Amino acid sequence: MSRPEWVREHVYIGGSWVQPRGDICEVENPATEEVLGWVRCATAADAAEAVEAAAAARAGWGRTTPAYRIGVLRELSAALRDREDLLVDTLVGEVGTPVGLARSSHVGQALAVLDSYADLLETFDFEERIGSSRVLREPAGVVGAITPWNYPLYQLLAKVAPALAAGCPVVAKPAELTPLSAFIVADAAEAIGLPPGVFNLVPGPGSEVGELLSTHPGVDIVSFTGSTRVGRRVAGMAAETVKRVCLELGGKSASLVLPGADVERAVSATVANVMVNSGQTCAAWTRLLVPRSEIDQSLAVAEEAASQHVVGDPRHAATDLGPVISASQRRSILDYIAGAVAEGACLVSGGVERPDELGVGHYVRPTVLTGVSPQSRIAQEEVFGPVLVVLAYADVDEAVVLANATSYGLAGSVWGAHDGQAFAVARRLRTGRVDVNGAAWNPSAPFGGYKQSGNGRELGRWGIEEFLEIKAVQMPEGQRGHR
Ligand code: NAP
């Protein structure tokens, strides 16, 4: 049954809720396959109005002081915390993510990121002196924020918080499959009296609203999180107006278990990592690399760990894996599994059958495969489902080659007998983030990809720098070395 929060007839432009001209887009609950709610989508014309509203707000917002913006970010955080239960409920409904994960990760980490920007602004230097020059870091202008469905609130705040901190207004386009949580952010923005045009929300099809944001001359920066396929297209379109494009794309990250590491700990943590959010996590460690001498033990641990993951109703506290986002995503994941098995892969756990007693919902069994070539599709392409591939290596040099041998480079982990051994190998990986021996998430450390995982960096001061232009003002005094 749709609740009022899950039916949204208006979009948020220039500080007002306005009637958009697009179609109604239904939002499915992936656990029940029923309609959860609906939104009326924006069209390209509506999105253009949002860009104009943001452009009108640009100069005023850009002139606010960091102290003022710190206050705004803290108010926004408090307004979202007031809506925490609704956010959790909405994310469980629209993503199908288990309720515990919705609270701790989807909402908890999103708010931690928002808070981190208020903290960071306390000491962020917008100006430095280099010889006779004053180098100013200025807001880069209107940000078009295009986000995916897998962590819709987190992805949105990972753009909106640093953009607002930098002094940039935002036009946000959430994924069509999961627009509802973004409306709660707009509600919070309205509740705290954010100046008109500083945050605008235009849900709608990527092919229309996303393309408008990627091509409109009034958008200065497109910050895109999504697939490498669409990211390439966005970058191509944005080139026409020479906008800056920050791409946060897909991954096929490795979890590398070094000789001497605690195999049980490393393998079970890797299985748990892959299954989070039903495998729909860009940074998931979807390839487990183990020493050939440890393969039997590794597979036994992986099988046991995967079998302990409870698949089921995401509203239940005991559930580890909810459904995947859609019927087509489920089909795609099952095709990858079936294709790998047809090519000779050995199924260690899971497979293409429906989980027991789950006749409805887009559920996939936690699946572990081995016996595949490192060049096979299942070992190279992003499956974006609860699927782990286990590969064996002969020595550490080969392990490093295998870890680096995909077109992606987003994340990864290294497990060693001691941290120094693992750190030395982490340095050799061509990837944007590496966790050593199960280290904890740090919201102030940069996140982003090498190679086709993207070219941007979110989180921490790198997140703010994405949204700043740099101006050198040459001052007449102290002209030593000045030309
Ligand atoms: P997607 O299909 O690429 O869509 C991402 C966003 O782009 C959606 O809002 C989508 O809108 C929009 N879009 C689609 N076509 C567009 C176009 N022609 N022009 C402009 N925008 C367009 O990705 P997804 O399936 O939602 O998300 C999964 C992908 O995101 C995975 O590859 C995952 O690895 C990646 N991801 C990366 C990170 C990271 O930080 N590196 C984080 C999370 C996810 P519609 O929904 O309306 O199509």
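Rule-based calculations on the coordinates, nothing more; no lab input. Quick caveat: nothing in here was measured; it's all calculated off a predicted structure. Please note: Cβ atoms are built from the backbone with ideal geometry, for glycine as well, and neighbour counts cover all protein chains shown.
See the values below:
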| item | result |
| --- | --- |
| All aspartates and glutamates inside 15 Å of residue 159 as judged from Cα atoms, apart from same-chain residues fewer than 8 positions distant | 115, 220, 248, 458, 465, 466 |
| MRE, 222 nm, helices only [DSSP H, n ≥ 4, -39500 (n - 2.57), over the chain, to nearest 500] | -11000 deg cm²/dmol |
| Least to most buried among 106, 10 (fewest other Cβ within 10 Å first) | 10, 106 |
| Centre separation in Å (Cα based) which lies between the range 109-128 and the range 392-429 | 32 |
| Ordering of 235-242, 313-320, 127-134, 300-307 by packing [mean C-beta count within 10 Å, highest first] | 300-307, 313-320, 235-242, 127-134 |
| Peptide ranges 368-378, 353-363 listed from the most packed, as the mean C-beta count within 10 angstrom indicates | 368-378, 353-363 |
| Distance in nm between pseudo-label sites at residue 352 and residue 84 (7 Å out along the Cβ direction from Cα) | 4.4 |
| Restraint check, 173/243; 173/471; 252/451, Cα-Cα greater than 22 Å | 173/471 |
| Tensor-based shape of the range 105-152 (alpha-carbon gyration tensor, a/c under 1.5 rounded, otherwise prolate or oblate) | oblate |
| The chain, dipole about Cα centre (Lys/Arg Cβ +1, Asp/Glu Cβ -1), debye to the nearest 20 | 1500 |
| Helical segments meeting 20 Å axial Cα length and Kyte-Doolittle 0.5 threshold in the chain (DSSP H) | 152-166 |
| Centre separation in Å (Cα based) which lies between the range 1-80 and the range 263-282 | 33 |
| Shape of the range 36-163, Cα gyration tensor, a/c cut at 1.5 | oblate |
| Gyration tensor verdict on the chain (Cα atoms; rounded if a/c is under 1.5, prolate if a/b is larger than b/c, oblate otherwise) | oblate |
| For 293, 214, order by how many other beta-carbon atoms lie within 10 Å, fewest first | 293, 214 |
| Stretchable slack from residue 232 to residue 17, in nm (0.36 nm times residue separation minus alpha-carbon distance) | 74.2 nm |
| Amide proton proximity set for residue 246, modelled H, under 5 Å, gap of 5+ | 222, 223, 224 |
| Positive-end extreme of charge dipole, the chain - chosen from 250, 261, 446 (charges on Cβ) | 446 |
| Amide H partners (placed H, <5 Å) of residue 8, local residues excluded | 38, 39, 40 |
| Positive-end extreme of charge dipole, the range 84-230 - chosen from 156, 107, 219 (charges on Cβ) | 219 |
| Residue order, fewest to most surrounding Cβ atoms within 10 angstrom, among 451, 471, 243 | 471, 451, 243 |
| Dipole of the chain, positive end: most advanced residue of 280, 47, 235 [Cβ charges, Cα centre] | 235 |
